[in-house]
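Novice: I'd like to ask some things about the structure below.
The values are calculated or read from the model by the stated rules, or taken from the named source; none is laboratory data. This one's a predicted model, so the numbers in the text were calculated from it and none came from an experiment. With ideal geometry, Cβ positions are generated from the backbone for all residues, glycine too; neighbour counts draw on all protein chains shown. Ligands, DNA and RNA are excluded from the accessible area calculation, which covers all protein heavy atoms including side chains. Shrake-Rupley method; radii C 1.70, N 1.55, O 1.52, S 1.80 Å.
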Amino acid sequence: MKKQTISLFLIVIVLSFSLQAFGGAFTQGNLVVYRVGDGTSTYDLSKTGAAPIFLDEYSIETDGSLDLVQSIALPTVVDGANKRCVAVPSSVNMGYMKRSYNNRYIVVGGYDQVLGTSPWGAVASSVNRVVAFVDYNGGVNTTTALTDAYSKKDIRSVYSDDGVNVWMAGDNDATANNGHLRYTTKGSTTSIKINTLTSRVLNGYNNQLYVSGMERVYAVGTGFPTEAAANVDITDAPNSGTSANTNGYDFSFVDLDSENPGTKQVLYFTSATTGTIQKYSLISGVWTYNGDYALNITTLPRAMEVRLVSGGVELYVICEGSSTATGSGKLYRFKDIGGYNNAFEQQGNAVKLLDFTTSSKVIRGITWAPFNDPSTSLNQFSKPDDFSVYSENDKIIVESLIEKTVEVYSIVGAKLFSGQVKPGTPTELSQLQKGQVYLVKVGDQIRKVIF
């Protein structure tokens, strides 16, 4: 079979991709907290005037305490294609975030607005809704500025599988009708609606996109859908509605058995009304309700991250009762030793790790630090397909059952090549730089190759 060879003489120059700013490289295993306000009284955190966003990285010390490693400021001025990314501090719905599925990015939503000026209620065509990508080296990209999403509303949560695809959750304004669950790509100005769920927090697990509504956690279509897709309620049956969450926000999955992956999976889901965390276990393919655990603290849980530790699961939960002019938000650690398919059993007392009550700062979201994950040479996302992309010797090879366009991008989003791939004629992409990460787009699907 004759092969089509396309030589790509590539010099990936970082300057070709406009980075707004750099922090330091993140450290795997650290926590990252979304903070609004700079610690001064400049911003009234109970109001809607735009305030700066910071991503604070904390290490977890051997005694369990947190130590601030660095604070990465998101841009507050426009710099070339990079937009501002600021927040409405009084909105408890902004700032929910998760590390990307490939572990390399944190993505958060905000506004392209002047500090101190309220973006609240503005349409997206005049005040763009911005997605900020922060990579494992601390590089910040805010070139994704949408003109057609969340007019008069916030972007509540943002998620990416690979640093290119972007899903966004939020409310919908009836007059604009451009809210709900949406999809776009890095650097875009427009988006599409995936479905009409008034959505809150997004997360990915086991090659599947999930989203929370007010009462439930849902699987969104199949895999990571880039077109209209229905939701599948995973926290309903077999409880006949009794497990509905009265004000659900953040959720996290954890696998309790690392030696036998997939056999003991657990889901935690916060409630900002009852002050509880719901627990579910996956039994024969069904997420089964294990009850609500009352946190017994004075503020209500919203954002959450979890990790498996010796003897149980640690939950890092940001609790926030209301927005005040002087700041708000507390971070607690809980430990569930109840195990698989049992009720949440707290070991000892809750530990308060951070308190921003009188700090002129407010904290909202929490996630694990991104890192350069070399665990696979090729990650496949989205729906099953009719093509393959793989690396072999000094080439990347693309094969397809249907004639399609093929495009190659650097990991920072610069297009390097565009052409066609045809059935029966593998396309070889040669003379690529070793040690680089490339994104190969075939049709509407994207694959990542670590070459």
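Novice: Would you please calculate the Kirkwood hydrodynamic radius of region 318-363 over all C-alpha pairs and express it in Å, rounded to one decimal? Could you put the intermediate results ahead of the total?
Specialist: On the way: mean 1/r = 0.0833 Å⁻¹.
It is 12.0 Å.
Novice: Moving on. Assign one of three labels to region 213-283, namely rounded, prolate or oblate, based on the Cα gyration tensor with a ≥ b ≥ c the square roots of its eigenvalues; rounded applies when a/c is under 1.5, prolate when it is not and a/b is larger than b/c, and oblate otherwise.
Specialist: Here region 213-283 falls in the oblate category.
Novice: Which parts of region 184-206 would a label at Ala174 reach, counting a residue when its backbone N lies under 15 Å from a point 7 Å out along Cα-to-Cβ?
Specialist: Flagged as within label range: none.
Novice: What's the FRET efficiency of Val351 with Ser418 using the Cβ-Cβ distance as r and R₀ = 56 Å, to the nearest 0.05?
Specialist: The computed FRET efficiency comes out at 0.55.
Novice: For Lys395, which aspartates and glutamates qualify as cross-link partners when the Cα separation must be under 16 Å and same-chain residues fewer than eight apart are set aside?
Specialist: Partners found: Glu407, Glu428.
Novice: Test of understanding: what is the full-extension gain from Arg307 to Ser71, defined as 0.36 nm times their sequence separation minus their Cα-Cα distance?
Specialist: 82.7 nm
Novice: Grab the alpha carbons of region 58-151, take their convex hull, and tell me the volume per residue in Å³. Write out the running numbers ahead of the final one.
Specialist: Working: hull volume 12.6 nm³, N = 94.
That works out to 134 Å³ per residue.
Novice: While we're here: Give me the accessible area of Tyr210, 1.4 Å probe, in Å² rounded to the nearest 10.
Specialist: That residue has around 30 Å² of solvent-accessible surface.
Novice: Ordering Lys404, Lys352 by accessible area with a probe of 1.4 Å, largest first, what comes out?
Specialist: Lys352, Lys404
Novice: Here is a follow-up. Taking Rh as the Kirkwood radius, which is the inverse of the mean 1/r over Cα pairs, what is the Rg/Rh value for region 158-273?
Specialist: On the way: Rg = 14.9 Å, Rh = 15.0 Å.
Result: Rg/Rh = 0.99.
Novice: Next question. Please quote Rg/Rh for region 288-361 to two decimal places, taking the Kirkwood radius as Rh and restricting both calculations to Cα atoms. Working shown, then result.
Specialist: Numbers: Rg = 13.7 Å, Rh = 13.3 Å.
So for region 288-361, dividing Rg by the Kirkwood Rh gives 1.03.
Novice: Largest first, how would Trp120, Trp167 line up by accessible area (1.4 Å probe)? List each step's numbers first, then the result.
Specialist: Working: Trp120 130, Trp167 0 Å².
Ranking Trp120, Trp167 by accessible area, largest first, yields Trp120, Trp167.
Novice: Label Asp373 and Gln28 with points 7 Å out from Cα along Cα→Cβ: what is the distance between them in nm?
Specialist: Calculated label separation equals 1.0 nm.
Novice: So if each residue of separation counts as 0.36 nm, and I subtract the Cα-Cα distance between Ser126 and Glu428, what length gain in nm does that give?
Specialist: Details: separation 302, 0.36 × 302 = 108.72 nm, distance 4.43 nm.
Answer, rounded to one decimal: 104.3 nm.
Novice: Using a basic spin-label model with each label point 7 Å from the Cα along Cα→Cβ, how many nm lie between Glu403 and Thr198?
Specialist: The modelled label-to-label distance comes out at 4.9 nm.
Novice: Report, in listed order, any pair from Lys186/Lys441; Lys83/Lys153; Lys264/Lys448; Lys83/Lys330 with a Cα-Cα distance greater than 20 Å.
Specialist: Lys264/Lys448; Lys83/Lys330
Novice: If I stretch the segment between Glu61 and Val286 completely, what's the gain in nm (0.36 nm per residue apart, minus their alpha carbon distance), one decimal?
Specialist: Gain on extension, Glu61 to Val286, equals 77.3 nm.
Novice: Send over the per residue convex hull volume for the chain, Cα only, as a whole number of Å³.
Specialist: Once divided by residue count, the hull of the chain is 147 Å³.
Novice: Quick one: if you stick a label point 7 Å off each Cα along the C-beta vector at Ala325 and Asn207, how many nm between them?
Specialist: 5.5
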